[in-house]
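> One structure coming up, written as structure tokens, with questions to follow.
What follows draws every value from the coordinates through simple rules; no lab data is involved. If you're wondering where the values come from, they're calculated on a predicted model, not measured in any experiment. Here the Cβ is made from the backbone with ideal geometry for all residues, glycine too, and neighbour counts use every protein chain on show.
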Amino acid sequence: MTGEQTASADALVAARAAARRAELPRAWRLGGLAVVLALACVLPFLLSGFLVFQFTLVLVYAIALLGLNMLTGFNGQISLGHGAFYALGAYTTAIMVDRWHVPYAWTLPAAGVVCLVVGFFFGIPALRLEGIYLALATFALALAVPQILKYFDEWTGGSQGIVLSKPKPPWGLPISADQWLYFLTLAVTIILFVLGWNLLRGRTGRAIMAIRDNPIAAEAMGVNNALYKSLTFGVSACYTGIAGALSALSIAFVAPDTFNIFLSITFLVGIVIGGLGSISGAIFGALFTQFVPNYAQDISKAAPWAIYGIFLILFMYVMPRGVAGALRMLWHLARQRPRG
Amino acid sequence: METFFQQVVSGLATGGIYASLALALVMIYQATDVVNYSQGEMAMFSTYLAWSMLNHGVPYWIAFFATVAIAFVGGVLVQRIIIRPVQNAPVLTIVIVCIGLLTIFNSIAGWIYSYVIQPFPSPFPKEPIKIGQIVFGQHDLGAIGVTLILLALIYVFFRFTSLGLAMRAAAHNPVSARLVGIRVGWMLALGWGMAALIGAVAGMMVAPVIFLEPNMMAGILIYAFASATLGGFTSPGGAVVGGFLVGVIENLAGTYVSFIGTSLKLTVALALIIVVLLVRPSGLFGRAVVHRV
């Protein structure tokens, strides 16, 4: 081994160590994750039924936000239309359960596959669009959803929607329907987050982010931009669709007007508040999406959305890179201070 | 044939409204590179101001110009106070702040003025004019006239005044503009003020037709987006032509294509947006944005 090689190997080790120091140590991360998971498991036994239901929705939003974050945060394609895929997933489940009497567990993968395919094909024309133009096209998609759902009323039940019954806990488990739904959603959330983390940390994830940062350089390195962008669109739609399917099961009701443009806007707000391009950001964003409108309602009954708007603007002033970005910065500051 | 012409005429009338809001959108986009999602709500709020002045017995045209002036100052203040702190943040952060503004304006209007639908007076006579078998509403003609006058004023402002030139320079190349002594920050604020002004005019022209309520602009804004996309986000004149075209297409499709009727009218506008973006992303009159690599 020549001296030069050892030197470069040393430099590499030093660089890796520096990179590791910039992030949270592995033990801290795993510990934090274990605490969060343990908390998530005991939560439904400590809270009332309605709060359990609300936390189920937090998990559902977290899945949808992770899906949107893959597209917007990691791949750089802005979508104001993910409510459309959420609606597609929800209606896939509702129609399969209500009309065809399919067991509800099978409808989740079905909703995912339907949204994957539709998202992939919507992603192909979206390839030609960038920035605000893509935002506009997807905005149009989200707006059209309630009208289209009402138009096919033979399938969708028109503006009346479809009423489902909440699934009962299987195998005679001694828990309530709300608690069962919570654990089902939690299991799906964990599976999807692990899959998403695996997808984003490896070769595929690097390609997805390279396209966001510099499409030309990515192409020059041999990344097939068109394929990766449409695939990301598909996977993102798939996540959001599964979230929609879970929401249909837990709310036990779907109606066209709940899938309005504000749902899509809420998703976008959620990922920006949580932190673009961050997996944990999806969870912070989901908590914001579920609870801040309620707090706004508590502060002012007369104009709750004005309070919500003020919260939004203040959040953006204080944490322009979202909660995850702010935490990362705080950790960085805490690391640097002791050294002076 | 008469139905056809009648539909074209009423299409042009609604098109005038889309055109004026599309114009406001294009103005802000031109002057600041931001698509302002709160544009419609700002217009709605200005219209409510005009409405309360009219209720207190202020004559129409005085209320009109007072509202326009307030809207201009309001637009400048919104940019200086709320948008400026995040001016250099990522685009999505600005979008979220605009969405925050949207919910604030909407909610405060509902709080102060309630969500009850209110009639809004038109400055033009009620009796329609008849030419042959075709009926022209005087308000529609008036609204189209106001839009065209506004467009002419904007054209003259940007083309022939030094302030207009400074604003174009600030939007086109902020760094160089600052180096030759243009106060870029204030030019951006002026852009917001002018867009708020145009929005206020649009609001007062549309309110007699669709009535006044806090959510009145949601539907109109979509058509304005469609118009701006069709005409091109880089061309104010194109946005106006796009507005008229969208109005006519919407009406004709609703009349002659049986499965669309009234229930899928909105979907037509959206299909239009997507088709235009796919076939000619820069719009009919816009110029393609060229990237330097």
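> Would you please give the FRET efficiency between residue A:171 and residue B:211, computed as 1/(1 + (r/R0)^6) with r the Cβ-Cβ distance and R0 = 41 Å, to the nearest 0.05?
After rounding to 0.05, the efficiency reads 0.10.
> I'd like to know which of A:204, A:127, A:101 lies farthest towards the positive end of the charge dipole of chain A, counting +1 on Cβ of Lys and Arg and -1 on Cβ of Asp and Glu.
Highest projection toward the positive end goes to A:204.
> With a Förster radius of 30 Å, plug the Cβ-Cβ distance of residue B:280 and residue B:161 into 1/(1 + (r/R0)^6) and report the FRET value to the nearest 0.05.
Calculated value: 0.40.
> Quick check: the angle from helix B:60-78's long axis to the longest principal axis of chain B, C-alpha only, nearest 10 degrees?
For B:60-78 against chain B, the angle is about 40 degrees.
> Now for a different question. Exposure proxy check: A:301, A:166 ranked by fewest other beta carbons within 10 Å?
Lowest count first: A:301, A:166.
> Using just the helices of the protein assembly as shown, give the 222 nm mean residue ellipticity in deg cm²/dmol: DSSP H runs with n ≥ 4 each add -39,500 (n - 2.57), and the total is spread over all residues, rounded to 500.
-25000 deg cm²/dmol
> Need the C-alpha centroid separation for region B:146-174 versus region A:255-290, integer Å.
Region B:146-174 and region A:255-290 have Cα centres spaced 38 Å from each other.
> At 0.36 nm per residue, and after removing the present C-alpha to C-alpha distance, how many nm does the segment from residue A:318 to residue A:206 gain when stretched out fully?
Between residue A:318 and residue A:206, full extension yields 37.4 nm more.
> Here is a further query. For helix B:162-172, report the angle its Cα long axis makes with the longest principal axis of the Cα atoms of chain B; keep it between 0 and 90° and round to the nearest 10°.
80 degrees
> Residue B:176 to residue A:219: FRET efficiency via 1/(1 + (r/R0)^6), r the Cβ-Cβ distance, R0 25 Å, to the nearest 0.05?
It comes to 0.20.
> Please report, ordered by residue number, every helix of chain A (full DSSP H runs) that is 18 Å or longer along its axis going by C-alpha atoms and whose mean Kyte-Doolittle hydropathy reaches 1.6.
In chain A, the long hydrophobic H runs are A:26-46, A:49-69, A:104-126, A:261-274, A:304-318.
> Nothing charged except the Cβ atoms of Lys and Arg (+1) and of Asp and Glu (-1): what's the magnitude of the dipole of the protein assembly as shown about its Cα centre? Round to the nearest 20 debye.
About 1820 debye.
> Taking H as built 1.01 Å from N, whose amide H comes closer than 5 Å to the amide H of residue B:212, not counting residues under 5 places away?
Distant-sequence amide H within range of residue B:212: B:118, B:120.
> Considering amide H positions built from the backbone, and no H for Pro or chain starts, which residues 5 or more places from residue A:253, or on another chain, come under 5 Å of its amide H?
Placed amide hydrogens put A:164 under 5 Å from residue A:253.
> Let me ask another. Taking a ≥ b ≥ c as the square roots of the eigenvalues of the Cα gyration tensor of region A:189-340, is the shape rounded (a/c under 1.5), prolate (a/b larger than b/c) or oblate?
It comes out oblate by the Cα gyration axes.
> Where in chain B lies the longest segment free of trypsin sites (Lys or Arg not before Pro) that are both loop residues by DSSP (not H, G, I, E, B) and have at most 11 other Cβ atoms within 10 Å?
My reading of the result: B:127-286 is the longest stretch.
> Another question about this same structure. Roughly what angle does helix B:39-55 make with the longest principal axis of chain B, taking Cα atoms, 0 to 90 degrees, to the nearest 10?
Relative to chain B, helix B:39-55 is tipped by roughly 60 degrees.
> Shifting gears a bit: Pop a pseudo-label 7 angstrom from the Cα along the beta-carbon direction at both residue A:154 and residue A:334 and give the gap in nm to one decimal.
Modelled inter-label distance: 6.0 nm.
> Residue by residue, what Karplus-based ³J(HN,Hα) values in Hz, rounded to whole numbers, does region A:152-164 have, using 6.51, -1.76 and 1.60 with θ = phi - 60° and x for Gly and Pro?
8, 6, 4, 8, 9, x, x, 6, 6, x, 10, 9, 10
> Next up: What percentage of all Cα-Cα pairs in region A:99-198 are separated by more than 20 Å?
So the portion of pairs separated by more than 20 Å is 62 percent.
> Any idea what the alpha-carbon Rg over 2.2 N^0.38 Å comes to for chain A?
Compared with the compact-globule rule of thumb, chain A sits at 1.07.
> Taking chain A as a Gaussian network, Cα atoms linked when under 10 Å apart, which of A:190, A:124, A:299 shows the biggest mean-square fluctuation?
The residue that fluctuates most here is A:299.
> Describe numerically, in nm with one decimal, the distance between label points set 7 Å from Cα along Cα→Cβ at residue A:36 and at residue A:227.
3.3 nm
> Can you tell me which lysines have their Cα less than 22 Å from the Cα of residue A:166? Leave out same-chain residues fewer than eight positions away.
Answer for residue A:166, where 22 Å is the Cα cut-off: none of the lysines qualify.
> Please list, short to long, the whole-number percent of alpha-carbon pairs of chain B in consecutive 5 angstrom bins beginning at zero.
1, 6, 11, 16, 18, 17, 14, 9, 5, 2, 1, 0, 0
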